[in-house]
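Have a look at the structure below, then the notes.
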Amino acid sequence: MLKANSINILVDCGTAQGSDPLIPMKDWPVLPSEVNYLFLTHAHIDHTGRVPELIRQGFKGEIITTHATRALLVPMLRDCMALASMAEREITALERRIDALCWGFEYAREFDLERGIRFKLGRAGHILGSCSIRFSSADPEWSVLFSGDLGAKDTPILCDPDIPEPADLLVMESTYGDRIHEGKRYRIERLGAILTRALSDGGKVFIPCFALGRTQELIYEMDRLFSEPEYTLQFPELSPKSRPPVFLDSPLGLEVTKIYSRLTEYWDKEAKLLLNHGDHPIDFEHLYAVRDHKNHHRLLRVAGPCIIIAGSGMCTGGRIVDHLLSGLEDPANDVFFVGYQAGGTSGRDIIRYSKRTGGYSRLDGRRVDIRARVHTLTGYSAHADQQGLIEWVESMPGRPRHIKLVHGEHQAQQVLAKKLKEKGHSVLT
C-alpha cells in the first residue's frame, strides 16, 4: 500500500499461496472503500485473486495495469471464482464490474494520476503483460518503484525486463533470492534428456503447470526441441516421426494460450520471427487440447508413452490431481516440476518426500505413495534468480536510497539482503 499526496494506492491484491498467511481486509491499514487506485503488476492469482473480494468489500476506484494484463485478468479471475464455488450469476456480475473499472496502459510512457502523482509501467519479463510500476511526485519530490515479479532474460515469447529508473525506495521481489537457475540452453537440453529417458519405458510424464506463463513457455520450448535439427539429431526419440503425443489438459491453459496467440505485438523478436516464417511458436503437430471433463477422464485411461501438461502448478487442485492419483504410484511414470512450489502445497511435499524411501503425499485427502521419478527443472522458473535480481538493481542509472524486499520466503530474503548489502545497498528489514 502506498499512501501519498492524500491518495491511497494499492499495488496487487492476491490470494495467499500454500501456508502463507492471509490478512483479513478489515485489518488492512486502509479499508477497501478508501482505496483510490489498484495497480496490478500482472495477472497471476497470487497478485490478483482477491480483486473480487476487494470489490465486494466496497472498492470503487480504478484498476490500472498493462493492456495485456487487462486481456488476461477476467479469464484468470473467472477460473479463480469458479474454484471458490461462487454462483454463476455473481461471477458474471463481478466480471462486468472488473471490466468496467479496469484500464490498460502502454509501457515506457509516463502518465498523470492525480494530485501531482505520475506513474510509468516497465516491462518485467515475468509473463505476458507483467510490469514494474514507478510512482513519482515533483512537489513534494519523491519516487517509489515496485518491481513486480521479475523474469529472467531470454525467456521464450517475452521481452527482457526493462532497465529500471532511479527511485528513492525500491520494493523488490525476492522469490529466488537464494538460488541460481540453469541457463536457457542447458535447461532445454536437460528437458530433452529427461524426456527421452522418462519415455523410454513407456510411461507417462506429468507436468504440473501454471496455466498462465509457464504452460506457454513450456510448449514453446517443446516445439523447439521437437522441430529444430540440432535437437532432433541430439534426441532422435523426440523427432516428429517418433515422439509421443503431448496433451494440454487445462481449460484455462488453453484459453490463456489463445490470448497469448492474439497478443503478438507484445512478443519478443525471436517469437515474432518464428511466426513470420510460418512456425507458430506455441503450437505443434501432436499437441492435443483436452477441453472437457469427458475427454479428461478418457485421458486418465490412456496408456503411455505420453506427456500430460495440467494444472494446478502446485498440485493444490485441478486436473493434475487426478493424474497424480492414478499415476504417482507407478515407477514407469515421471513428474516434472517446472515452477515454484510454495511451502504447504502438495507440489512442495511431493518434491520433498520423493527423496525418502517409502515417501508419500496426500492428494485430495488420500495417501499416495511416491514411486514415480520426480524431477525439478529450476531453469523454467518465471522468476529471476539471485544473479538476475542483483543485476537488475545494479543496472539502475542511480542507486535506490533504500530497498525493501517482499514476495519471498524468509531464507530467500535474508540471503538476497546480505548480497545487496555487500554491494553497498541499504536494505530495510
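The values are calculated or read from the model by the stated rules, or taken from the named source; none is laboratory data. Everything numeric in this text was worked out from a predicted model, so none of it was measured. Cβ placement follows ideal geometry from the backbone for every residue including glycine, while neighbour counts extend to all protein chains displayed. Only protein heavy atoms, including side chains, enter the accessible area calculation; ligands, DNA and RNA are left aside. Shrake-Rupley method; radii C 1.70, N 1.55, O 1.52, S 1.80 Å.
A few remarks follow.
- Selection among ALA372, GLN413, PRO164 by position relative to the dipole of the chain gives ALA372 as farthest towards the positive end (Cβ unit charges, Cα centre).
- Packing-based ranking of 203-215, 78-90, 4-16 yields 203-215, 4-16, 78-90, ordered from highest to lowest mean Cβ neighbour count within 10 Å.
- Student exercise, the range 369-429 dipole from Lys, Arg, Asp, Glu Cβ charges, in Debye to nearest 20: 180
- Using the 1.4 Å probe convention, the accessible area of the range 1-85 works out to 41 Å² per residue with neighbouring protein chains retained.
- Within the chain, percent of DSSP bridges classed antiparallel, to nearest 5: 35
- Given charges at beta-carbon only (K, R positive; D, E negative), |dipole| of the chain in Debye: 820
- Among PHE39, GLY344, GLY313 the positive-end extreme of the charge dipole of the chain (Cβ point charges): GLY344
- Here r is the Cβ-Cβ distance between LEU273 and VAL302 and R0 is 35 Å; the resulting FRET efficiency, rounded to 0.05, is 0.50.
- Signed unit charges on C-beta, dipole axis of the chain, positive-most listed residue ILE188, CYS102, SER137: ILE188
- Length added when fully stretched, ALA100-MET396, from 0.36 nm per residue minus Cα-Cα: 103.0 nm
- At the residue level, GLU53 shows approximately 50 square angstrom of accessible surface with a 1.4 angstrom probe and all protein chains present.
- Rounded if a/c under 1.5, otherwise prolate or oblate - the range 40-170, Cα gyration tensor axes: oblate
- For the range 335-404, accessible area per residue (1.4 Å probe, heavy atoms of protein chains only), Å²: 47
- Gap separating the Cα centres of the range 288-311 and the range 254-280, nearest whole Å: 25
- Cα-centre dipole for the range 175-236 with unit charges at Cβ (Lys and Arg positive, Asp and Glu negative), debye to 20: 140
- For PRO24, net neighbour charge (Lys/Arg +1, Asp/Glu -1) across residues whose Cβ lies under 15 Å away: 0
- Here the accessible area is traced with a 1.4 Å probe on the protein chains. For the range 23-80, carbon and sulfur cover 51 percent of it.
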